[in-house]
Amino acid sequence: MKWRKKGIIFDPRNRNEWMNAYAQIPYPLELDDRIRIFFATREAYKNDLCRSFGAYIDVDKNDFSNILSVSDTPAISPGGIGEFDEFGTMPASVVEMGDEFYMYYCGWTRMVGVPHKEEIGIAFSTDGKNFKKRWKGPVLGDDLFEPFTQSYPIVVKFDNKLHMFYHSGQRWIDDGIRKEEQYVIRHAESKDGIYWKRDYKDLIEPKLEFESQTSPSVFYKDGEYHMFFCYRNSTDFRDNKERSYNIGYAVSNDLHTWERKDEECGIATSDKGWDSEMICYPSVKMLNGKYYMFYCGNHFGRDGFGYAVLEG
């Protein structure tokens, strides 16, 4: 595959109190007259702490660089005291279910022994703009076999079933400077989008020691399932380009067994500019008869997200 980069779409910096920087995990939803792109943003840091909020922009279906509107209030906000999403709600995917939209998001809270804890939440909307939670707990959280993080849930429909691809925490690593989490991509299935059956199986064979994998975007094309995801080293990745996020690629015939083919990915960091240090959080969607990838660049999407189109 070969992706042709089209540039940055949206810069979230200094928009308002709750959208000060970052536009992570861009996820496009095709509506009748526009493309709505959901993302996770952050308020300004205070004493090295902040909260995350869900937001969106609407873009022209025929020109993604033409921004029609920016959400002026959060699509979803953090939860109450002691709840799993008290300090952050980060949208990862939105699925149409009958007359409603289901949003799957990363909810996170702060910890003492490690920096944070993430679990997967669900929220509902009738207008695709304002999402409400019906329960205070996660839709996918800790259990006996996944005691750490569950996060970045990408939900897609295949054969009348909902499939969730998410990352599952494996361990925390203390590198002497800070504690960092290592995680892998896993899969769960559901009929109603609320109750999920997990496989408890690592999908992508790592190529790095303690490799972290996340943001799996899956689609069906030419008789195969295709997955684009991002991966990095689990330590010394924040300011080290050689150890930071890149985009990987895998194929499957059944959604359960995947063959990794990063050499066929067709996209990499640029020589300079907004995505020259890392590329991450890919989301691939067919729009207007073409495949597009929306993704983040340097500093984990601090300065926004852009897109690329699949050639051929």
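Label sites at residue 96 and residue 172, each approximated as a point 7 angstrom past Cα along Cα to Cβ, lie 4.2 nm apart.
Projection of the Cα convex hull of segment 244-296, averaged over all directions and equal to a quarter of that hull's surface, yields 4.9 nm². Label zone (residue 60, point 7 Å along Cα-to-C-beta; backbone nitrogen cut-off 16 Å) within segment 279-312: 288. Okay, which of segment 1-27 sit inside 16 Å, backbone N to the point 7 Å along the Cα-Cβ direction of residue 264? What the label zone holds, given the 16 Å backbone N cut-off, is 1-3. Computed over segment 140-224, the convex hull of the alpha-carbon atoms projects to a mean area of 6.7 nm². Restricting segment 91-134 to trypsin sites (Lys or Arg not before Pro) that sit in a DSSP loop and have at most 11 other Cβ atoms within 10 Å of their own Cβ leaves 134. Here the contact order of the chain, divided by its residue count and restricted to Cα pairs under 8 Å and six or more residues apart, works out to 17 percent. Rounded, prolate or oblate for segment 207-298? Axes are the square roots of the Cα gyration tensor eigenvalues, ordered a ≥ b ≥ c, and the cut-off for rounded is a/c under 1.5. In terms of gyration-tensor shape, oblate. For the pair residue 159 and residue 241, label points projected 7 Å from Cα toward Cβ lie 4.4 nm apart. log10 I(q)/I(0), Debye, Cα-only segment 1-152, no solvent, q = 0.09, 0.17, 0.20, 0.21 Å⁻¹? With no solvent term, the Cα-only Debye profile gives -0.30, -0.99, -1.27, -1.35. Based on Cα contacts under 8 Å between residues 6+ apart, segment 108-147 shows a relative contact order of 32 percent.
The distance separating the Cα centre of segment 183-229 from that of segment 69-131 comes to 20 Å. The chymotrypsin sites (Phe, Trp or Tyr not before Pro) found in segment 122-164 that occupy coil by DSSP, while having at most 13 further C-beta atoms within 10 Å, are 135, 145. Each 20 Å bin from 0 upward holds the following percent of the Cα-Cα pairs of segment 3-310: 35, 62, 3.
Here residue 126 and residue 287 are evaluated by their C-beta separation; at R0 = 22 Å the FRET efficiency comes out at 0.40. Among the cysteines of the chain, those whose beta-carbon sits 4.7 Å or more from every other cysteine beta-carbon are 50, 106, 265, 296. Mean silhouette area of segment 1-71, derived from the convex hull of its C-alpha atoms and averaged over all directions, reads 5.9 nm².
Taken together, the values in this text are just the output of simple stated rules run on the coordinates, not laboratory data. This structure is a prediction, so every number in the text was calculated from the model and none was measured. Using ideal geometry, Cβ is built from the backbone for each residue, glycine included, and neighbour counts are taken over all protein chains shown.
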